[in-house]
Structure formats: structure tokens, C-alpha cells
């Protein structure tokens, strides 16, 4: 038996190799876990230069931008750089037909012209601390998952409160390694963030859908903001009296460029990965979940295009929504392809075979015996309900009138006496704000067509023999024309698609509004569908996942002990991380190889194809044709636009600073290659590449195209 284990162990080392490029590492542990590898790859600075709580370090120049991106400080005047797609929502909010900043770009000529963005914040990390012992000491013997979750929440709140007592800081305790470890994160949050500059979408989103999740790229994906603080340099709500924030650190910007195989590092807030999923989960993702979701999003994009391409006002309203739908439509397709190409399911099974062998033959691991079998059985049950769950989120919930109708349930749920009290006031205040935002970017004819498409596709995918269709009322409708007629009737007879009417209800709180809402056909339809989902789908989905949570937590605990050959990093959870790799191209397929960088020549080449996604303005065309690159040119005289590297990144790393061996800014992370999007689940050094906007192209656009040289002057430039 021992000989069999050794044979399997030798085989698995081929597929279980730890690549230096792989991993999203906690900056506080770099000295212990990664500094040696980083220096071997070429890094010239120390781990304490990257993260230190006793002196200024690079962590003090990296922020969580809004709710899901990263940004970096590039001047001692609070100037912040992030992606164009990260600032897209703010650029859209400031845009109108008269001032179309999405189309024409925006550049504040001085600080008085910088535009405030209510609701936007940036978050600095003050420090991180392992508090696992404080959390788990009270969890011993707790087997009920709901009780465990409640205790963890209570303990986490107490720890965070104690850590910030007497300060203006905020704090949170986050689980790592599927809840096997816990870390306290102390933060400083700034709320006065102003838009400074953004290129037109023809630069900031050059290539659009054609190039999204693709390499080679030529996208100038950046926008600029400024952090403002009070006169004590502390966070404050927006005020004309606020002044530019003075950061503890800002990144010097290098114009020296790179060469192939140079060390690179990404510092940011990756959102979510699932590297420790079992083969059962990955198999379902590849064969069932992703294909259906890709199909549903494709149908929605077709409807969006139908309206957005002929009406600029609708385009502005739906630009951000389109971007969100399109982004994951292509990502999931690439993820599926990448996982298949890497044979990820088979490789996961190989790892699991070694795991089972060791657990079976080594008495010290007996507690994990049969663990994978239990997980596999639950995924067998989940396979029946997961499609119905995804159909609800990817079909029904995409009908905007249903989401808005469901939000009005907060009024229906009020008691008569609540209408004159604080509870009623709070409900109406919140709904007025959210409804104003909703109707500002809502187009009922488009939504009506979405309803038709989503019902048709729900009926196509839903397995009524497993769960009654939540679209039972439409189940007898056979043709597309009949679906259109039913949708038209719903919209004609509802008032919820009429923003002016709904806002009147909300301006005059009265119990009579309850009957208006309850009698509205859109509200009745939404309520029926939501109730069906909760009773027929969500209940079982939640039950199965509640059983999987402790088993997955135990599996992550187990593999770290049973399979110590690999150096383990925690899954991304929007906490500050460092990843490192090197500049390199890759082979996407047989007989093809991609270089590691692109130049502005590629912009003109793509523009010459005549495709609408590659349109550029006449001024940009002339600048590129004349090749006036100045000090931003590479040694070979060309202007580099983007480069690819083997840093392990994911969503949330958008806008992250990409740094050279000396810790100087060389670019802004903005995407991954299509073949490598599966890195959220499985990392393959042969396929995975992050895509970076070369900072020299960013500065050239600011200086030469936008003529905003005053912004360059406040940066620290290394020639």
C-alpha cells in the first residue's frame, strides 16, 4: 500500500507544483512566506517597504476604490489613478446629452472644476492582525452552523469595536481559508472624492466588447480622482472647505519601461476566488452553470444593443448596466474554455485521489475519512436545484420592473401606525432615493423586451418535473408573439414603470398607497414569482449550501495538513493582497504566440478595420500618425500601450498599481486574458496573464492628447 502512495505522490507533484507566480498573498506575511521568492525573481526592495504599520510603506498608497476596485496615489496632493471602467459610474452620472463626458472625456482645468461624487469612498488599510485565537476559542463544540455564524459575527463585532475605540478608524474581521482563520482589518475611509480627469470612451474603452477579456489590448483604461480631507488631513464629508489629502506615501512613476521576464508586482483588493473548490464543483461549473448563464446574458445584450445603438440617451442610461452584463458574459465563456483546456477537473481529481490515499493510510488523518464522498453527494443534490437558482438571478431578477416592484414591498409591509412614525419616514426616505436613481436610468420599452426574452428562456431551461416553474402563468404560452402580447399587457396595466407616478406616491406617504401597490399587476407578478422562488428553490438551495459550508471549511483545513507540498494562500475576499510575476507572452493555441506588449501602432491597425469598437477621434488619429511620443516613448521609439504579465489577479484588482522591482509604478492593472479567466478557480502558468495599461501611455494621453500637463507636474516622475 505504501508503494502505491509513493507512486501517486510522484505523479501528483507534476500537477500540484507551486508556481512562484501563483497566489494572492497577505502583505503582512510577505516577509515570512514570499520575500525570498520575490527577491529570487528580481525584486530590489524589502517586504517592509511593501507593508509596515510603524512607518510609511507602499500600503499607504493603495486604496479600495468604491465598493469593488483598487486605486493608487500618484502625488502628494491626493491625486488618485484607477481604471476608466472603475470610474465609469461616476463619469456616467456627470454625463448628459449637453455634457457627454463618456463620449468626449473630462479634464478639470483646475481644482475648482473637479467634480464631487456623493456616495463614493476610498479606503486605506491601517493595519491587519491575525485574531483567529480570539474568535475560535468560543467556537469549540459548536456544531450548528447558524449558531457558529452568529457567534463569529458577535465576536468579530466586539474585536472590531475594541480595536477602533477612541479613534476615527473603522474595522472589520474577515474569515480566511474558508473560516479556518480570521483577520482584523483596521481602515480609514475618505468620502470626499472628486473626478479629476477621464479620457473619452474611444480611448478608455477602446476595443469595447471585441477586446474585453482579450489579448493583445490597446485600451487606455484609466480615470483620475482626487481625495479631499478636512484641514487636519482627516476624513470628512464633502465640503467646499476641504483640501487635497496629503498621503503618507505615493508611488513614483517610472518612464524606464520594462523588458521581457522582468519582475512585476500587483498590489490591490482582489474580490473573490475559489481556488479550493473540489472537482465536483468545478465539473458543474464547466458543464452546467456557466453555459446557461452565458446564454442568458447574451440574450440580454442583444436587447440592450437593439435600443442603445439607435438612441444616445438610452445609451447613456444603460452604458454602465451593459458593461456589467457584458463583462461576465465573456468572462464565464473564457473561464469555461480555460478550465477545459487546462483539464482542471481531471487535475483536481488527481489531487483528491492523493488526498484520499493519505487519509486512508495515515491514522493521524482519520478525522477526514469520507470527507470528499460527503461533499460529492451534496453536489449531486445541488445539481438539481442550482440551475433553478441561477435562472431566477440571471433571468427573472434582470427584469427591472420586477426589482422595482419588489422594493415597494417595504411599504406594503408597514403597519398603519408606522406611516406617521420614524419607521415609515425611513422607509419612504430610502425608497425616494433609490427610486430616483432607478428611474434616472430606466427605459420601459427596453425592459419590456427583456421580460419577453427572459420568460422565453426561463421556460426553455426550467425543469418543471423538478421544480414548478415560477413562470407558471406563462407556461401555456407557445409563441414569441403571445409572449410579447402578455408583456405588453403587463406594462400597459402597471404604473410602476412610470417614474413620475411612483415618485408622487413616495412624496406623499399615506396608507392608500398600499392598495395602489398591491393592485398593480407588476407588483402582483413580481410577488408571485419571488414567493415561488423562496418556497420552491431558495429553501432547498440554502439548505444544501448550509451543509456544504462546514464540509468545505474542513476540506481546506485538511488539504493544508494532508498535502503540505503546496504553499497555500487564502482565497480572495476583497482584502489587501500582493501578487507577483513577470512580463511574458503566451501561446493561446496551436501555431500561435502572443508578444508580451503592444504599441500604439496596433490602435491604428484596428481602427483601419472599420469596426465600430475601434473608432477613434480625428485628433487622436493625427497624434498617433505623427508619432509625437516625446519622453514617453520606449527605447525602440515606439509608444507602448499595454503589457501582459503572469501576476495572479481577479475582479477587484481592476485599477491596481503594477510595480517594478524597485516599487515604482509602471502600469495600472485592468483585465485578464480570455484563456486565463479560469484563474479564479484554477491557476495555470501557461495560460494565466493579467493585462496592464502601460503608465507611459497613460501619461502621454494626459499630456499630449488632453493637454493636462498640470497634472503631470504634481507627479514624481523617474526618467
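We did not get these values from a lab; they are worked out from the coordinates using the rules stated. Note that the structure is predicted; figures quoted are calculated from it, not measured. Note that each Cβ is placed from the backbone with ideal geometry, even for glycine, and that neighbours are counted across all protein chains shown.
Things worth noting here:
- The ratio of the alpha-carbon radius of gyration of region 279-562 to the globular-protein estimate 2.2 N^0.38 Å is 1.23.
- Relative contact order (percent, whole number), region 141-195, Cα cutoff 8 Å, 6+ residue spacing: 25 percent
- Residue 415/residue 501 FRET efficiency (R0 22 Å; Cβ-Cβ; nearest 0.05): 0.35
- Inter-label distance, residue 551 to residue 593: 4.6 nm, where each label sits 7 Å from its Cα along the C-beta direction.
- Taken over the Cα atoms of region 323-464, the convex hull encloses 216 Å³ per residue.
- Rounded to 0.05, the FRET efficiency of the residue 310 and residue 617 pair, given R0 = 22 Å and the Cβ-Cβ distance, is 0.55.
- Longest to shortest principal axis, alpha-carbon extents of region 41-81, angstrom: 30, 23, 18
- The mean sequence separation of alpha-carbon pairs under 8 Å and at least six residues apart, normalised by the residue count of the chain, gives a relative contact order of 24 percent.
- When 225, 402 are arranged by Cβ crowding within 10 Å, least crowded first, meaning fewest neighbours, the order is 402, 225.
- Cα coordinate range in region 161-247, projected on the principal axes (Å, largest first): 50, 46, 17
- From least to most packed, judged by other beta carbons within 10 angstrom and beginning with the fewest, 482, 72 follow the order 482, 72.
- Potential lengthening between residue 259 and residue 440 on full extension [0.36 nm per residue; Cα-Cα distance subtracted]: 60.4 nm
- The value of relative contact order for region 279-562, using C-alpha pairs under 8 Å at least six residues apart, is 25 percent.
- Label zone of residue 717 (point 7 Å out along Cα→Cβ, amide N under 18 Å): in region 238-269 this covers 251-258.
- DSSP beta bridge pairing in the chain, given as percent antiparallel to the nearest 5: 95 percent
- Order of 583, 167, 649 - criterion: other Cβ atoms within 10 Å of each residue's Cβ, fewest first: 167, 583, 649
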